[in-house]
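J.: One structure follows; several queries about it will come next.
The values are calculated or read from the model by the stated rules, or taken from the named source; none is laboratory data. In this text the structure is predicted, and so the values were computed from the model without any measurement. Positions of Cβ are generated from backbone atoms using ideal geometry, with glycine treated the same way; all protein chains shown enter the neighbour counts.
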Amino acid sequence: MSKKIIEKNSHNLIGKDIISLDQFSPEEIKEILYTAKKLKPLRDLAKPSKILSGKIISLLFYEPSTRTFSSFASAAQQLGAGIIPIQNAASSSSVVKGESLKDTILTLECFSDIIVLRHPENGSANEAAAVAGIPIINAGDGTNEHPTQTLLDMYTIFEETGRLTNLTGVCVGDMLNGRTVRSLIKGLSLFKGNTVYLLSSEKLRIARRELHALTASGIKLIEISTEKEMPKNADFWYWTRVQKERFTSLKEYKKHKNTLVLTPRLIENYAGKKTLFMHPLPRVDEIDVSVDNDPRAVYMHKQMRNGVYIRMALLALVTGKKV
Ligand code: CP
């Protein structure tokens, strides 16, 4: 199957790779979100569907994953597709024997219609897309991007606040290594009037050049280093884990972890009645578990469930299936 060449802003995702939030127009984001909403009842009611009947989706994961891997597996099977599940590719596939990413992609292309790829290296999804004759969906490439996470985050924000414009958010934690924050900023920059505060220690700030590039896209970014600088009544707080696997020194990691913890005290002091508490998960200790029961906390149920709806929408739209 050869990829269709489709212009940016065409609204048409058929045959497209899903690599970065940079590739989308606001209309395409809205189309994905509306499609997810349409498909949601299928999963909620466990209603069998043949939308992707005959299709096979490869899940090629070189890095650990619970949510992204299983929600793609759930989405594909909910829509009637088969899956080729490869977790731990670096230890359980022919990668162990030295097979390159390119050859692994060319192999799975022979057996499937879409490859969902998670890989520890920045740019690996692009690299795979350059050689693949079938669509590649980036399920996280190093510290670079995690576009399907952002689409589910944006779906969650839209469902809960009713808008994607004029939002004030606070992203907290590891801004340097966190691919979800990077993608979320890019996603929100497609819509007008959004402001995101970035709360982290100085060492874990976004690289300067990247910060300038992100700001140039129109979103207002405000870096802060203490909770006292947090805005009151933000629309959402997006907490993130300090990414242990990206540190070369365990000592350095330990210095940074748990310096910013989401607690009931923080909520009492800075959150509004409708502030959403979000986290891409997994969490380690950066959210006090007592926050889980707060009705504003969406990370453990709504946000994760939305991941299946979004991934169903992406698989349907990329394969050109009418929903
Ligand atoms: N949010 C996320 O990417 O989780 P996993 O690493 O478990 O897939």
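J.: Considering only residues that are under 21 Å from Asp141 (Cα atoms) and surrounded by fewer than 18 Cβ atoms within 10 Å (Cβ to Cβ), look in the stretch 75-85 and name the one that is nearest to the ligand (Cβ to nearest atom).
T.: Once the filter is applied, the top-ranked residue is Pro85.
J.: Also, quick follow-up: State whether the residues of the stretch 52-70 include one that is polar (S, T, N, Q), modelled with pLDDT of 95 or more, surrounded by fewer than 18 Cβ atoms within 10 Å (Cβ to Cβ) and under 20 Å from Tyr299 (Cα atoms).
T.: Checked the stretch 52-70: at least one residue is polar (S, T, N, Q), modelled with pLDDT of 95 or more, surrounded by fewer than 18 Cβ atoms within 10 Å (Cβ to Cβ) and under 20 Å from Tyr299 (Cα atoms).
J.: Residues of the stretch 295-311 being more than 14 Å from the chain's Cα centre (by Cα) and either within 28 Å of Lys254 (Cβ to Cβ) or surrounded by 21 or more Cβ atoms within 10 Å (Cβ to Cβ) (or both), which ones?
T.: Result: Ala297, Val298, Met300.
J.: If a residue has to be within 16 Å of the ligand (Cβ to nearest atom) and surrounded by 15 or more Cβ atoms within 10 Å (Cβ to Cβ) to count, how many in the stretch 86-114 make the cut?
T.: Residues meeting the conditions: 3.
J.: Would a scan of the stretch 178-186 turn up a residue that is more than 16 Å from the ligand (Cβ to nearest atom) and of a type in the set (Lys, Arg)?
T.: The answer is yes, given that some residue of the stretch 178-186 is more than 16 Å from the ligand (Cβ to nearest atom) and of a type in the set (Lys, Arg).
J.: Any idea how many residues of the stretch 270-286 are within 19 Å of Pro231 (Cα to Cα) and buried (at least 20 other Cβ atoms within 10 Å of the Cβ)?
T.: Residues meeting the conditions: 6.
J.: Here is a further query. Going through the stretch 158-188 one residue at a time, which ones are without any contact (Cβ under 8 Å) to a residue 40 or more places away in the chain and either among the small types (Gly, Ala, Ser) or not in a loop (DSSP other than H, G, I, E, B) (or both)?
T.: Gly162, Arg179, Arg182, Ile185, Leu188
J.: Here's another thing I want to ask about it. Across the stretch 189-241, which residue is surrounded by the fewest Cβ atoms within 10 Å (Cβ to Cβ) among those that are within 18 Å of Asn177 (Cα to Cα), touching a residue at least 40 places away in the same chain (Cβ under 8 Å) and of a type in the set (Lys, Arg)?
T.: Lys203
J.: Among the residues of the stretch 119-135, are any polar (S, T, N, Q), modelled with pLDDT of 95 or more, surrounded by fewer than 19 Cβ atoms within 10 Å (Cβ to Cβ) and within 16 Å of the ligand (Cβ to nearest atom)?
T.: Checked the stretch 119-135: at least one residue is polar (S, T, N, Q), modelled with pLDDT of 95 or more, surrounded by fewer than 19 Cβ atoms within 10 Å (Cβ to Cβ) and within 16 Å of the ligand (Cβ to nearest atom).
J.: Go through (1) within 30 Å of Pro120 (Cβ to Cβ); (2) of a type outside the set (Gly, Ala, Ser); (3) more than 16 Å from the ligand (Cβ to nearest atom); (4) not in a loop (DSSP other than H, G, I, E, B) one by one and return the number of the condition Phe72 breaks.
T.: (3)
J.: Taking only the stretch 92-116 into account, find how many residues are in contact with a Phe, Trp or Tyr (Cβ under 8 Å, 6 or more places away or on another chain) and touching a residue at least 40 places away in the same chain (Cβ under 8 Å).
T.: Within the stretch 92-116, residues that are in contact with a Phe, Trp or Tyr (Cβ under 8 Å, 6 or more places away or on another chain) and touching a residue at least 40 places away in the same chain (Cβ under 8 Å) number 1.
J.: Here's another thing I want to ask about it. Just one of Asn269, Asn306 is among the polar types (S, T, N, Q), within 14 Å of the ligand (Cβ to nearest atom) and assigned to a helix (DSSP H, G or I); which is it?
T.: It is Asn306.
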